[in-house]
Amino acid sequence: MMRPASTDLAAMFRRLIASTGPISVAHYMAEANARYYNSADPLGAGGDFITAPEISQMFGELIGLWLADMWINAGRVEPVHYVELGPGRGTLARDAIRAATRYGLEARVHFVETSVTLKDIQLATVPGAIWHKDLSTIPAESPILLVANEFLDALPMRQLVMTEQGWRERLVGLEGEGPDARFTFVVGRQPMDSAVPENRRQAEPGTIIETSPAAATVMYEVAGRLAGQGGAALFIDYGHEAPRTGSTLQAVRAHRKVDPFSTPGQADLTTHVDFDAMASIAQSRGARWIGTTTQGNWLRGLGIEARADALSEFAPDHAEAIHSAKDRLIGDGQMGALFKVMGLAGKNWPGGVGF
Ligand code: SAH
């Protein structure tokens, strides 16, 4: 796969840091991922990483069933909008919509996506979907059924580190000079105590914490809409249910972990999602937090085992592949425990299954 402009990004970062000083981890991540997602389709066996909807149609179908169930129990309000954040290839949306339609849910489809490359693929997969650069242009009346799989983890994360002098931002600086200079973590000079949530300020020197203003902004906006317009949302990501310390920044290229500094713009940079922080923000905006659980529990609760059996009966030649895909999605040593599912809803919306 050709990604011609990407070496320029490392050079651009070097020039920028050499002339204006170290940049934040969030800045590094934002530029690198914008370049990365715009330059090619990163998903699938031939790409850099594979996501749940690309593993099996069961993933999107069960999400579609969950959304349809919520909508039916809420009284089948129409019109209703299906909104997906960072839809990748559009596979999840296609599978979810197909399943939901069987229950009478005919939603208008909206994709929020920054990558022009992926946008073209998404619109070919789901013709008729309306494309948005951000959430601001999503209709502001009538309920939304929103899904985001592996979206929050791609948003820029800020890292803060405790020093003997208090909290400072963790920055990306340079070691050496000229085109051979290497990226390295350095500690900023500005006091950053006010950026650290109060209950996390007490810490040993060297402690790193991560906060994502970008993810917080998305959560604030989605929760405000759920509270005001009604609807339900599912956020699915690699992450933790309680706050943690330490850097979770990682880079994946061609299905292998690589140094996040080695090839900016050519590897997928992610961090773990702090679901505890996300749930607090959502609730503070008046949305109802249904719960956060592991992907394995959630998919089992929605009947993935029965669904796999039914699919296998229909296509016996594929039974083995269907069951191994299911195990990959729910297995503890695979995606089942590391990935979490968080459900949110509007105030008068019903509680969802699986939590
Ligand atoms: N949800 C898909 C793809 C996950 S990859 C799947 O499960 O297969 C992350 C997706 O988020 C990509 O589509 C990427 O282009 C998109 N993305 C990353 N940053 C974004 C941003 N700031 N706004 C909108 N989309 C973004």
How about Lys347: which lysines have a C-alpha closer than 25 Å to its C-alpha, ignoring those fewer than 8 places off in the same chain? none
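Based only on the alpha carbon positions, what is the Kirkwood hydrodynamic radius of the range 1-108, in angstrom? If you can, show how the numbers build up before the last one.
Values: mean 1/r = 0.0595 Å⁻¹.
Evaluated over the range 1-108, this radius sits at 16.8 Å.
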The range 217-263 pair-distance distribution - Cα-Cα, 10 Å bins, rounded %: 18, 30, 30, 18, 3
Accessible area, probe 1.4 Å, largest first, for residues Met192, Met12: Met12, Met192
Between the range 213-276 and the range 127-164, what is the C-alpha centre distance in whole Å? 10
Residues whose built amide H sits under 5 Å from the amide H of Ile50, excluding neighbours closer than 5 in sequence, are Gly44
Can you pull the three principal axis extents for the Cα set of the range 118-162, in Å, largest first? 49, 28, 16
If the reach is capped at under 23 angstrom between alpha carbons, list the lysines near Lys133, excluding any in the same chain fewer than eight residues apart. Lys119
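Could you order the peptides 304-310, 274-280 from most to least packed, using the average number of other C-beta atoms within 10 Å per residue?
274-280, 304-310
Tell me the net charge near Ser24. Cut-off is 15 Å between Cβ atoms, Ser24 excluded, with +1 for each Lys or Arg and -1 for each Asp or Glu.
Spelling it out: positives minus negatives among the neighbours equals +1.
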Value at 222 nm in deg cm²/dmol, rounded to 500, when DSSP H runs of n ≥ 4 in the chain each add -39,500 (n - 2.57): -11000 deg cm²/dmol
In whole Hz, the Karplus estimates of ³J(HN,Hα) for the range 13-18 (6.51, -1.76, 1.60; θ = phi - 60°; x where Gly or Pro) are 4, 4, 4, 4, 5, 4
Under Karplus coefficients 6.51, -1.76 and 1.60, residue-wise ³J(HN,Hα) of the range 131-147 in Hz, glycine/proline x: 9, 10, 7, 8, 6, 4, 9, 5, x, 9, 10, 6, x, 10, 10, 10, 10
Considering the options Ser284, Leu299, Trp131, tell which one lies farthest towards the positive end of the dipole of the chain, charges being +1 on Lys and Arg and -1 on Asp and Glu at the Cβ, about the Cα centre. Ser284
If amide H atoms are built 1.01 Å from N in the plane of the peptide, which residues on other chains or at least 5 residues away come under 5 Å of the amide H of Thr207? Met162
Just need the Rg to Rh number for the range 70-189, please, alpha carbons only, Kirkwood Rh. 1.20
Can you put Thr101, Thr294 in order of accessible area, largest first, using a 1.4 Å probe? Thr101, Thr294
Taking the square root of 5 times each eigenvalue of the Cα gyration tensor, what semi-axes in Å does the equivalent ellipsoid of the range 219-323 have, largest first? 30, 26, 13
Apply the Karplus parameterisation 6.51 cos²θ - 1.76 cosθ + 1.60, with θ equal to phi minus 60°, to every residue of the range 50-58 and state each ³J(HN,Hα) to the nearest whole Hz, in sequence, with x for glycine and proline. 10, 10, 3, x, 7, 7, 7, 5, 4
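Just add up the charged neighbours of Pro243: K/R +1, D/E -1, any other residue whose Cβ is under 14 Å from the Cβ of Pro243. Provide the component values of the computation, followed by the final result.
Details: positive: Arg200, Arg201, Arg244, Lys340; negative: Glu198, Glu210, Glu241, Asp274, Asp276.
Result for the local shell: -1.
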Just from the alpha-carbon atoms, what are the Rg and Dmax of the range 261-354 in angstroms? 17.4, 50
Among the lysines, select those whose C-alpha is under 17 Å from the C-alpha of Lys326, and discard any that sit fewer than 8 residues away in the same chain. Lys340
Once the convex hull of the alpha carbons of the chain is built, what does its volume come to per residue, in cubic angstrom? 139
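The values are calculated or read from the model by the stated rules, or taken from the named source; none is laboratory data. No experiment lies behind these values; they were computed from the predicted model shown. Please note: Cβ atoms are built from the backbone with ideal geometry, for glycine as well, and neighbour counts cover all protein chains shown. Areas reflect the complete protein model, heavy atoms only, side chains present, ligands, DNA and RNA absent. Shrake-Rupley method; radii C 1.70, N 1.55, O 1.52, S 1.80 Å.
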